[in-house]
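What follows is calculated from the coordinates using simple rules that are stated; it is not laboratory data. For clarity, every value in this text was computed on a predicted model and none was experimentally measured. Neighbour counts are summed over all protein chains in view; Cβ atoms, including those assigned to glycine, are modelled from backbone coordinates with ideal geometry.
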Amino acid sequence: MCKHILNAQVAIRAACCKKWFDCPECHAENASHPLQKTDDMIFMCKKCKKAFRKTVDDYEDADEYCPHCDNHYVIEAKTPKAVLGVEGDDARIDNRMLKDDRAKDNSHSVFAQDDLDTRLG
């Protein structure tokens, strides 16, 4: 699982070490050598788990999809962003986690038992 690109759809095989990585940053963190550039790229689809090869020289719009399962793998990358927040859900939306410390006043209920005989007649 790549920590740099959250929605990576394919793994890329590095031509230099023949290992699979989700992004170039993952290769830079795990390998002791620079990433070798190549025109022939080997991908593995994360949806169908099948490998396929693409050449950069004749890359077309139709090549943005896995040839086995039609998974669209060329999409805008979602990267993690630092967020400062509080544990738990937003209290404005779901306030079940907040405790109401006010005393409940049940004296205005029509079902109060203290003067039920006089109210019923």
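What the table below lists for this structure:
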{"quantity": "Under-5 Å amide H pairs with residue 68, H placed in peptide plane, nonlocal only", "calculated": "none"}
{"quantity": "Protection-proxy order for peptides 62-69, 19-26, 8-15, each taking the mean of Cβ atoms within 10 Å per residue, highest first", "calculated": "8-15, 19-26, 62-69"}
{"quantity": "Cβ-Cβ FRET estimate between residue 81 and residue 1, R0 fixed at 30 Å, reported to 0.05", "calculated": "0.95"}
{"quantity": "Segment residue 51-residue 33, extension gain: residue separation times 0.36 nm, minus the distance between their alpha carbons", "calculated": "4.1 nm"}
{"quantity": "Stretch gain in nm, segment residue 70-residue 58, where the contour uses 0.36 nm per residue and the Cα spacing is subtracted", "calculated": "2.4 nm"}
{"quantity": "Alpha-carbon centroids, region 33-47 and region 57-75: separation in whole Å", "calculated": "14 Å"}
